[in-house]
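The values are calculated or read from the model by the stated rules, or taken from the named source; none is laboratory data. In this text the structure is predicted, and so the values were computed from the model without any measurement. Using ideal geometry, Cβ is built from the backbone for each residue, glycine included, and neighbour counts are taken over all protein chains shown. We work out accessible area using only protein heavy atoms, side chains counted, and drop any ligands, DNA or RNA first. Shrake-Rupley method; radii C 1.70, N 1.55, O 1.52, S 1.80 Å.
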Amino acid sequence: DCGHRDSKLEAPAEEDVWEILRQAPPSEYERIAFQHGVTDLRGMLKRLKGMKRDEKKSTAFQKKLQPAYQVNKGHKIRLTVELADPDAEVKWLKNGQEIQMSGSLGLISHVSLSFHLCPSLFLLVFASSRRGHTYGPFCSTEHTGPQPRTGITLTPRLHLPHLWKGEAEVATSAGSGRVRWAWLVPRTHTCTHASHTRTRVLSHAHVLSTGFPSTPAHARPGSPALPCPLEKKLEVYQSIADLTVGAKDQAVFKCEVSDENVRGVWLKNGKELVPDSRIKVSHIGRVHKLTIDDVTPADEADYSFVPEGFACNLSAKLHFMEVKIDFVPRQEPPKIHLDCPGRKPDTIVVVAGNKLRLDVPISGDPAPTVIWQKTMTQGKKVPAGPAPDAPGDAGASDEWVFEKKLLCETEGRVRVETTKDRSIFTVEGAEKEDEGVYTVTVKNPVGEDQVNLTVKVIDVPDPPAAPKISNVGEDSCTVQWEPPAYDGGQPILGYILERKKKKSYRWMRLNFDLLRDLQHEARRMIEGVVYEMRVYAVNAIGMSRPSPASQPFMPVGPPSEPTHLAVEDISDTTVSLKWRPPEREGAGGLDGYSVEYCQEGGSEWVAALQGLTERTSMLVKDLPTGARLLFRVRAHNVAGPGAPATTKEPVTVQEILQRPRLQLPRHLRQTIQRRVGEPVNLLIPFQGKPRPQVTWTKEGQPLAGEEVSIRNSPTDTILFIRAARRAHSGTYQVTLRIENMEDKATLVLQIVDKPSPPQDIRVTEAWGFNVALEWKPPQDDGNTEISGYTVQKADKKTMEWFTVLEHYRRTHCVVSELIIGNGYYFRVFSHNMVGPSDKAATTKEPVFIPRPGITYEPPDYKAMDFSEAPSFTHPLVNRSVIAGYNATLCCAVRGSPKPKISWLKNGLDLGGDARFRMFSKQGVLTLEIRKPCPYDGGVYVCRATNLQGEAQCECRLEVRVPQ
């Protein structure tokens, strides 16, 4: 495949192009290929990859480093180069950067370098003249794992995995050559050399994380390209510095890096430091600190901090200064230097959650001891941070003492750091419990000084208690709340109110300006919906957490006033009122009505009834005769009473003479029919003042007997019969009388029952298949008109009765379609509005239908020919449809026998195409085309064929593509 692609390249310039490409760097491949017309870039790269580059001869190196080394971790690797010029200067580079000296790391003249190499370490060695500053030729090598090479060893010395001892050599062509050596971290070392070979031994080489640099463009041709993964980057914000301290002083090495999660190791002259009571190592955030108390001459050394996982180290030198004092030192009493110390506590305000740092400058000779104390609310003092050597009773049960390690290790939220000239008290994330009076005391043998500092922690207020809801209206309510128990140390600026629906999770803010008062009228709520309220308190620091939600409440408005209030009746001591329900009851429903009255011209309303009534009428009793009163009615629900409905004019409590009048209902003005056994309840309202006298009579005679009862009330009279009988039928008259005035009404009551059966049923004639019957009307019609008769027949053999005639009104009939040779019985029931008679009139003897002696000969009819050739009663119609939508073609055909139908498109039969469906129902033919395309357009023919002939019709179908 590669050869095939090469054949596509241009032959005339092929040799020159490959020579140019072989000598050019990869970044120039595309430009060169474009200039020389090479189009197959992939084939070109494949061919270049297989070609070997000519190795350039180096004038500086007689023997270069091998292209790559592979060694197991922990073993020794030896890198050797031979120089053409013994006086040439040599540089060693790691990952493209020159190895610089730091701390005790020096640059010596040698030709071999021995040290521990971690996996993937890449070195470059530059050689040049002693007098020149330009570094030209170089050689490079790559170190990878895990396979070791012959002659390379590395021996572990310490138990720590990152500390090793190793040796490396480089041989040169002349023993007088000068070589620059550099290594990654300061180490204890020794140096040996021969005529052409010099050896460097490092006691404790440290394993560092390294990577691959890419091969420079001027590397020798043919060297393989090496991958170059990215190294971790660690920024150093503050490096450690050299220190000069005296005896018994404290030495602090402190550095700050960019990653707070990185860990590291502190080294002393290349050996790892082990913390003890005098040497302490701490790590807080990005800050790493090494503290050495009571410095001695043995502590003078090189100190280094090596971050784990990063190719860097921080080094500094500790110098011990021994001072001999031949005179008595000057003693100075301790002093606290503050701007305004005074004797009254200075107030320091800090916002809760922020960092509190009290930096107190001090002085005194000898150095004073600093004691921080906090005065509790009970009046006791609690040490908040004694110095490491400060006296104090740490075991007291009523005191809280910050332990030494918490402060010296700078651990915990509250800590104290004391130096020679200042004491720093730090609280990370101030809380309410940190508020109080802090006492700073400095002591030394000469004297003592003390200052009180008041720390006030301010915060957002506590949440108020749950608000209370009152004065709930139709769409509003009044919300009240109490101030929070704790205002956060700042005055309350206002409140924020929120509400939500009971079944919702979304709170809606009701005010954008702070509320100064402790109550608020909330409006624009939906009647009948359950709501909850909550409130926030706001001070200068911020907004508190929300209060607990209020009790759920429902905005409900009172109902409107009742309608159509009217006075129904008046007597000497009573007034009867009636009204209708209000037009709007509200979401709370309707609990009842209250009725009140007051004297005309007065303002004191008296309740006519204790409590509420659910009825829409009321009789107000025990009223003073002759008084003129106003009445009002109110509707009540859970929201309270609604607007009252009041009588327009005062009502005089006095009996009114009214002419008697019967109000006979319309259904009682005609004959009243009831069935036997049914109850009779006739109610007749009337009017009249005073109460009229009511009298009932039947056929002019007073009613007598216990079966008929009369019940009278002030407004109506009732005639009641529990079980009606035929004897209760007749004409009733009711008379209403007041003094010499009266009114009468007449009622006709008809009690009906089932009729008796017909009489004298007989067969008058029988012929062929027919029988003539005749009967007489029943003797008792049930006190109502006979509505008809029911005639039934029964075969003598089975005696099963079948109805022949129903609702037949005549008294004679003819029964047909009887079977010759059978005997039949006949019976007749009579009917009225109540129902059929209980019994029927039945013939006594069966009637036989004789067999005639005549033979029936059916007539001879000429057979008719109904066959018909097919013909289309409704032909096909030309259509234009849209592509993608189903289309149908319809026509109608007739013919006998049923014709066979076939569909054709452009002369081709469509019967085998699944996209076409054909239907035929009652002569209506349908062709369905599923999702037609423009190809489906053309002439469609429907052909009908039977024995009598053939017919066809056609149409043109156009399929349009939507635009």
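Look at segment 870-898: where a residue is under 14 Å from Arg943 (Cβ atoms) and touching a residue at least 24 places away in the same chain (Cβ under 8 Å) and a partner is hydroxyl-bearing (Ser, Thr, Tyr) and open to solvent by 60 Å² or more (accessible area, probe 1.4 Å), sitting 6+ places away or on another chain with Cβ atoms under 8 Å, you get Val893/Thr873.
Within segment 524-539, can you find the residues that are in a loop (DSSP other than H, G, I, E, B) and either in the same structural domain as Gly626 (by the TED database) or among the aromatic types (Phe, Trp, Tyr) (or both)? Passing the criteria: none in range.
In segment 845-867, the residues that are over 17 Å from Leu818 (Cα atoms) form Cβ pairs under 8 Å with partners that are modelled with pLDDT of 85 or more and open to solvent by 90 Å² or more (accessible area, probe 1.4 Å), at six or more places apart or across chains, as follows: Ser867/Leu947; Ser867/Gln948. In the set (1) at pLDDT 90 or above; (2) in the same structural domain as Arg809 (by the TED database), the condition left unmet by Thr855 is number (1).
None of Glu568, Glu596 is at pLDDT 90 or above and not in a loop (DSSP other than H, G, I, E, B) except Glu596. Of all residues in segment 688-712, those that are open to solvent by less than 70 Å² (accessible area, probe 1.4 Å), farther than 21 Å from Thr784 by Cα and not hydrophobic (A, V, I, L, M, F, W, C) total 9. Among what's in segment 614-661 and is assigned to a loop (DSSP other than H, G, I, E, B) and among the hydroxyl-bearing types (Ser, Thr, Tyr), pick the residue that is surrounded by the fewest Cβ atoms within 10 Å (Cβ to Cβ). Per the stated criteria, the residue is Thr625.
Scanning segment 515-532 for residues that are in contact with a Leu (Cβ under 9 Å, 6 or more places away or on another chain), more than 16 Å from Ala549 (Cα to Cα) and surrounded by 14 or more Cβ atoms within 10 Å (Cβ to Cβ) returns a single hit, Leu515. Taken over segment 431-479, the criterion of being part of a strand (DSSP E or B) and open to solvent by 40 Å² or more (accessible area, probe 1.4 Å) is satisfied by Val437, Lys443, Glu448, Gln450, Asn452, Lys456, Lys468, Ile469.
What pairs come out if I take residues in segment 219-246 that are under 28 Å from Gly285 (Cα atoms) and pair them with residues that are open to solvent by 60 Å² or more (accessible area, probe 1.4 Å) and at pLDDT below 85 whose C-beta lies under 9 Å away, six or more apart or interchain? So the pair list comes out as Thr244/Met321; Val245/Met321. Being modelled with pLDDT under 85 and either part of a strand (DSSP E or B) or over 16 Å from Lys420 (Cβ atoms) (or both) is the filter here; which residues of segment 314-329 pass it? Hits for segment 314-329 are Met321, Glu322, Lys324, Ile325, Asp326, Phe327, Val328.
I'd like the full set of residues that are under 16 Å from Phe720 (Cβ atoms) and assigned to a strand (DSSP E or B), limited to segment 665-694. Passing the criteria: Ile672, Arg674, Val680, Asn681, Leu682, Leu683, Ile684, Pro685, Val694.
Residues considered: Ile284, Ile292. Of these, the only one that is in contact with a helix residue (DSSP H, G or I) (Cβ under 7 Å, 6 or more places away or on another chain) and either open to solvent by 70 Å² or more (accessible area, probe 1.4 Å) or of a type in the set (Val, Ile, Thr) (or both) is Ile292.
Strands (runs of 3 or more DSSP E) fully within segment 759-831 that include at least 3 residues being assigned by the TED database to the domain that holds Pro852 and surrounded by fewer than 16 Cβ atoms within 10 Å (Cβ to Cβ): 759-767, 770-776, 801-808. Residue count for segment 510-548, restricted to those that are under 26 Å from the mean Cα position of the chain (by Cα), within 29 Å of Glu585 (Cβ to Cβ) and of a type outside the set (Ser, Thr, Tyr): 7.
Taking first residues from segment 19-36 that are under 18 Å from Met51 (Cβ atoms) and open to solvent by 50 Å² or more (accessible area, probe 1.4 Å) and partners that are of a type in the set (D, E, K, R) and part of a helix (DSSP H, G or I), the Cβ contacts under 9 Å between residues at least 6 apart in sequence or on separate chains come to Ile20/Glu28; His36/Asp16.
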